[in-house]
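Here the structure comes first, spelled out in structure tokens, and everything after it is commentary.
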Amino acid sequence: MTACRQKQPATPGPAKPQVRLAGMTLAEFQARCRDDLFNVMLPFWDKYGVDHEFGGVMHGLDYDGTLAHSEKLLWFQGRAIWVYSFLYNNFGKDPRHLQIAAKTREFVLRHAPQADGWWAELLARDGRILRGFQGDLYGMYFVAEGLQEYAWAAGHEESLRMALGLVKKLHRHIEDPGVAIPGTPAAGVRPQGLWMVNLNIATQILRRWKDPEIEALAQQAVDAVIDRHFNPDIGLNSENLNFDFSRPAGEESKSLLGHSIETLWMVMDEAQRKSDLRMWNLCAERIRRHVEVGWDWVYGGLSQWVNVDQGGYIWPVERPVGTDLEFRFRGEYHYMKTLWSLNEIMVACLKILERTGVEWAERFFGMAQSVIDEKFSRKRFGQPGYMLFADRRMVQQPHVRRQDNYHPPRQLMLNLLTLEGMNINPA
């Protein structure tokens, strides 16, 4: 592993002066993002979610920060390491952010690794193992993402070695066709989400360090997303494919829309790192297709799934992790609405708007922000938290048992960084 200078992406063209984001000028929206992040979201997590005593974060929070439970899912610990390290690296090098990342890292490394080389999925507040490893790879991926960002923030070579070791270990694991991935229809099925996390971590690493194995993994992930998961018959990405990239029976016409949008903007980032304009443009068009197909034109928001031309389909019961919610749908669309998918639309559309100024990206960006403000945010009730999962009409839930320490702050941070590269006029 050798260090290299962080490669700068290709310089985008200036945004059109008349571009408005959710009804605001670029400067006004930039100010709003900074206020939401630094004056609302981060103080909320600092006061209620960050465990300043034991380390790590507690995610079982109601809208006002009331603690519903103190369990610590590995997902949220790895994500916290990344968020606070990314804040440190990109927003002023506040030592408090690095301290939170470091203490979360210490908590995770002290309690999560098991003797068999896998990592516990769920911990108690004090670090006791509540659920050992049962096949959920995503928590370990999020730890790897956090460690590589922390390595850059703290100049910590051991964290980088651990991140690389985790990514390579997990990749070898999913290269076994007999492995069953939780949440997939059968053993040997590989979800697009695995390529997503592999690529996201690989691109971040390769911007800063050279590693041939990670470079090859990034290319493999791009090929899988662009050439294999894309189904030309419906113009959408399939979430689940067999190990040989054939489509499992019953999965041929399904698309997990938010995941596809999220994955495609990550392919855009990799294309930008490699100065591949053709790939970048292809991803932008496919993002547009997924947003247009998935948008609920009656109630707003993005549908969770579509099963094209399957009007009588009965969807499996959806039980979002960390909640006591259940969603049941029948028909072509699975109409569970999520905050995270709107966050991903905003990340993707602003990246596209920065480079192209196209009207559709501006429009969907504003539509996503409006649904967040009107349906998911609790600001109008005087509460800093968000509803994360909802039915089609996004009926308000008086209390929730989970807040998200990753997608909302990531959206704000990435949007702020994109805005820095745009032609922002104060008027």
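Laid out as a table, the results:
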| quantity | calculated |
| --- | --- |
| Label-to-label distance, nm, for residues given as residue 161 and residue 323 (7 Å Cα→Cβ offset) | 4.2 nm |
| Translational D in µm²/s for segment 204-330 (Stokes-Einstein at 20 °C, 1.002 mPa s, Kirkwood Rh from C-alpha pairs) | 132 µm²/s |
| Within segment 202-232: backbone nitrogen closer than 16 Å to the residue 309 label point (7 Å, Cα to C-beta) | 231-232 |
| Net dipole in debye of segment 56-106 [+1 Lys, Arg Cβ; -1 Asp, Glu Cβ; about Cα centre; nearest 20] | 280 debye |
| Accessible area in square angstrom per residue, segment 7-139, 1.4 angstrom probe | 43 Å² |
| Principal semi-axes in Å for the chain [√(5λ), Cα gyration tensor, largest first] | 28, 26, 25 |
| Net +/- balance of residues flanking residue 44 in space, Cβ distance below 12 Å, scoring K and R +1, D and E -1 | -2 |
| Area of residue 363 that stays accessible when all protein chains are in place (1.4 Å probe, Å², to 10) | 90 Å² |
| Most to least packed among 352-362, 44-54 [average Cβ atoms within 10 Å] | 352-362, 44-54 |
| Sites residue 126 and residue 281 - FRET efficiency at Förster radius 35 Å, r taken between beta-carbons, to 0.05 | 0.10 |
| Kirkwood hydrodynamic radius (C-alpha pairs) into Stokes-Einstein, segment 124-187, 20 °C and 1.002 mPa s, D in µm²/s | 160 µm²/s |
| Computed E for residue 233/residue 18 - FRET, C-beta separation, R0 51 angstrom, nearest 0.05 | 0.85 |
| Cross-link pairs 337/379; 47/351; 210/274; 168/210; 274/351 - those with Cα-Cα distance over 21 Å | 47/351 |
| Centroid-to-centroid separation of segment 205-242 and segment 91-154 [C-alpha atoms, Å] | 26 Å |
| Of 102, 69, 187, farthest towards positive along the dipole that unit charges on Lys, Arg, Asp, Glu beta carbons give the chain | 102 |
| Qualifying GluC sites (Glu not before Pro) in segment 302-352, DSSP loop, other Cβ atoms within 10 Å at most 11 | 326 |
| Inter-label distance for residue 52 and residue 374, nm, one decimal - labels placed 7 Å from Cα along Cα-to-Cβ | 3.9 nm |
| Accessible surface, segment 347-427, averaged per residue in Å² (probe 1.4 Å) | 38 Å² |
| Hydrodynamic radius of segment 98-218 per Kirkwood, over alpha carbon pairs, in Å | 15.1 Å |
| Surface share of carbon and sulfur [accessible, 1.4 angstrom probe, percent] for the chain | 50 percent |
| Two-decimal Rg/Rh across segment 258-405, once Rg and the Kirkwood Rh are taken from alpha-carbon atoms | 0.99 |
| Cα-derived Rg to Rh of segment 321-419, Kirkwood definition | 0.99 |
| Three-way shape label, segment 58-133, alpha-carbon gyration tensor, a/c 1.5 | oblate |
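The values are calculated or read from the model by the stated rules, or taken from the named source; none is laboratory data. Just so it is clear, the model here is predicted, and its values are computed rather than measured. Here the Cβ is made from the backbone with ideal geometry for all residues, glycine too, and neighbour counts use every protein chain on show. Quick note on the areas: whole protein, heavy atoms, side chains included, nothing else; ligands and nucleic acids left out. Shrake-Rupley method; radii C 1.70, N 1.55, O 1.52, S 1.80 Å.
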